[in-house]
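The values are calculated or read from the model by the stated rules, or taken from the named source; none is laboratory data. What you see is a predicted model; the values in this text were computed from it and never measured. Heads up, the Cβs are rebuilt from the backbone with ideal geometry, glycines too, and the neighbour counts pull from every protein chain shown. Quick note on the areas: whole protein, heavy atoms, side chains included, nothing else; ligands and nucleic acids left out. Shrake-Rupley method; radii C 1.70, N 1.55, O 1.52, S 1.80 Å.
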Amino acid sequence: MKHLVIIGAVWPEPNSTAAGNRMLQLISLFQKKDYEITFLCSASKSDFSFDLNQISVQTKDIELNDSSFDAEIKALNPNVVLFDRFMIEEQYGWRVMENCPNALRILDTEDLHFLRKAREVAFKQNRELVFEDYISDVFKREMASIYRCDLTLLISEYEMQLATETFKIDASLLFYLPFLSEEINPNVPKFEARNHFVSIGNFLHEPNWQTVLQLKQHWKFIKKQLPEAELHVYGAYVSEKAKQLHNDKEGFLIKGRAESVTEVYAKSRVLLAPIPYGAGLKGKLFEAMQLGLPSITTKMGAEAMNGNLNWNGFITSDENDFVEKAVELYTSKSLWETAQKNGYEIIEKRFKKKLFASDFMNHVAHLQENLKTHRNQNFFGQILQHQSLQSTKYMSKWIEAKNS
């Protein structure tokens, strides 16, 4: 039986983050091809960590900067190793290379961290992004990780374009694999059975916090036109500063963790997501389309999601327009129903699992069969394996010696 080892940055929390859902989707793809899967992670489990054992995934705790990993990975002897974000490849990539040189190495970026960082810098300085914003230490580290791996998964068409056209990464090193949707269930509550606005997002994620601050600004104008409406703000790991925004009189309600996103979305009428910056695909908007919940977001929020199809609501970055569209979508049944249908169409034509699953797994199989040739063509990656990881390797060995 083929064996996949996943080295996680954290234990997946699908009810807390889109990244957690993404990880379970990847696991499912490999399991359908009869891979045995082992998930390794040095982070501590939380009360909300998904029990991977219940889906027949073995789990093992590992240590950072510890040679015990070498014996562990050699004993597992995987055919494929998947690194969860570039920081994990930095930590463990050289150890995998030394102990399992024939294992296919895949990097799942989740989203391009350097892109999110560049946009954050521009946003907080209240200016437009310029090319120089990209060229940060995060950019250099993430790019090096991409070249060292045999294949990197990108979740967004925009990020694919940025990687290949702006930074000239060879397309053979990349694979576009977005969020994947199973069958849509259109049997959700109708317009009349729903009330209030909703927002959702993990509060540990800085763009989500900035989105909540945007909502606080917009909400007073929406509330003025819709005095009976409330805004329910959900998200895991609510901070104290977020709790201070809660105001019953204003109908701005910080709800905390959603036990079931499906249930929350089913009773809500409109999702508000004035996302000011970020990268990748937005899980909250993807799930809203799957579950028949129209939304209003920014160009940044909708990036790479709808292609040339109509959005399931409105896309606007103007504050006054955002307020007007929120009221309009909330009060117009015909507009709301059209928006819902648009969301279903986006899912059906752009994110159905059948559009990507076979191509991805066939590509993985092809790379395994032609791994030597593939690596020889990626000569820049070989240079980086030889040079840049030497510093990571010996820093890790120094830390281990120091700790002992």
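Within the same chain, aspartates and glutamates fewer than 8 places from LYS372 are excluded, and of the rest, those with a Cα less than 15 Å from its Cα are ASP150. Accessible surface computed residue by residue for the chain, with neighbouring protein chains in place and a 1.4 Å probe, gives 46 Å² per residue.
State the dimensionless ratio Rg/Rh of the chain (Rg: radius of gyration of Cα atoms; Rh: Kirkwood radius). List each step's numbers first, then the result.
On the way: Rg = 22.1 Å, Rh = 22.5 Å.
Rg divided by Rh gives 0.98.
Using only Cα atoms, locate the centre of the range 234-283 and the centre of the range 110-184, then give the distance between them in Å, rounded to an integer. So the separation of the two Cα centres works out to 26 Å.
For the chain, the longest principal axis of the C-alpha atoms and the axis of helix 333-350 are separated by about 10°.
Against the empirical 2.2 N^0.38 Å (N residues), the range 207-320 has a Cα radius of gyration ratio of 1.03. Charge tally for ASN378 (other residues, Cβ to Cβ under 14 Å; Lys, Arg +1; Asp, Glu -1): +3. Averaging 1/r over every pair of different alpha carbons in the range 245-298 and inverting the result gives a Kirkwood radius of 12.6 Å. Maximal additional length on extending the ASP359-PHE131 stretch stands at 78.7 nm, based on 0.36 nm per residue less the C-alpha distance. Please compute, over every Cα-Cα pair in the range 1-119, the percentage with a separation greater than 16 angstrom. Tail of the P(r) past 16 Å holds 59 percent of the pairs.
Modelled label positions at LEU253 and ASP34, each set 7 Å beyond Cα in the direction of Cβ, lie 5.2 nm from each other. Given a 1.4 angstrom probe, I'd like the percentage of the accessible area of the chain that is carbon and sulfur, rounded to a whole number. Roughly 48 percent, rounded to a whole number.
Please check which bits of the range 270-285 a label hung off ALA122 would reach, taking the label as a point 7 Å along Cα-to-C-beta and the cut-off as backbone N under 18 Å. Answer for this model: 275-282.
Remark: the LEU309-GLU183 segment gains 43.4 nm on full extension, using 0.36 nm per residue and subtracting the alpha carbon distance.
What is the chain's relative contact order, in percent, from Cα pairs under 8 angstrom and six or more apart in sequence?
On the way: 677 pairs, mean separation 62.9, N = 404.
Once divided by the residue count of the chain, the mean separation gives 16 percent.
As a size descriptor, the averaged projected area of the C-alpha convex hull of the range 228-384 was calculated at 13.5 nm². Principal-axis analysis of the Cα atoms of the chain puts helix 357-369 at an angle of about 10° to the longest axis. Sequentially through the range 30-42, phi angles give Karplus couplings (6.51, -1.76, 1.60; θ = phi - 60°) of 6, 5, 5, 9, 6, 7, 6, 10, 10, 10, 10, 7, 9 Hz, Gly and Pro residues having no value and appearing as x. FRET efficiency for the pair GLU228 and PHE167, taken as 1/(1 + (r/R0)^6) with r the Cβ-Cβ distance and R0 = 56 Å, rounds to 0.65. Any chance you could give the angle, 0 to 90 degrees and rounded to 10, that helix 319-331 forms with the longest Cα principal axis of the chain? Orientation of helix 319-331: about 70 degrees from the principal axis. For the peptides 121-128, 91-98, the ranking by mean Cβ contacts within 10 Å, running from highest to lowest, is 91-98, 121-128.
Ranked from largest, the principal axis spans of the Cα set of the range 181-265 equal 38, 31, 18 Å.
Listed here are the pairs LYS117/LYS402; LYS140/LYS241; LYS216/LYS255; LYS325/LYS353; LYS74/LYS352; LYS32/LYS267; which of them are more than 25 Å apart at the Cα? Display every interim value, and only then the final one.
Details: LYS117/LYS402 32 Å; LYS140/LYS241 33 Å; LYS216/LYS255 14 Å; LYS325/LYS353 32 Å; LYS74/LYS352 36 Å; LYS32/LYS267 34 Å.
Flagged as over cut-off: LYS117/LYS402; LYS140/LYS241; LYS325/LYS353; LYS74/LYS352; LYS32/LYS267.
Sort the following peptides by mean Cβ neighbour count (other Cβ atoms within 10 Å, averaged over residues), highest first: 5-16, 132-143, 290-301. Intermediate results must be reported in sequence, preceding the final value.
Details: 5-16: 21.8, 132-143: 16.0, 290-301: 23.3.
Order by mean packing, descending: 290-301, 5-16, 132-143.
The share of alpha-carbon pairs in the range 325-370 lying farther apart than 18 Å comes to 55%.
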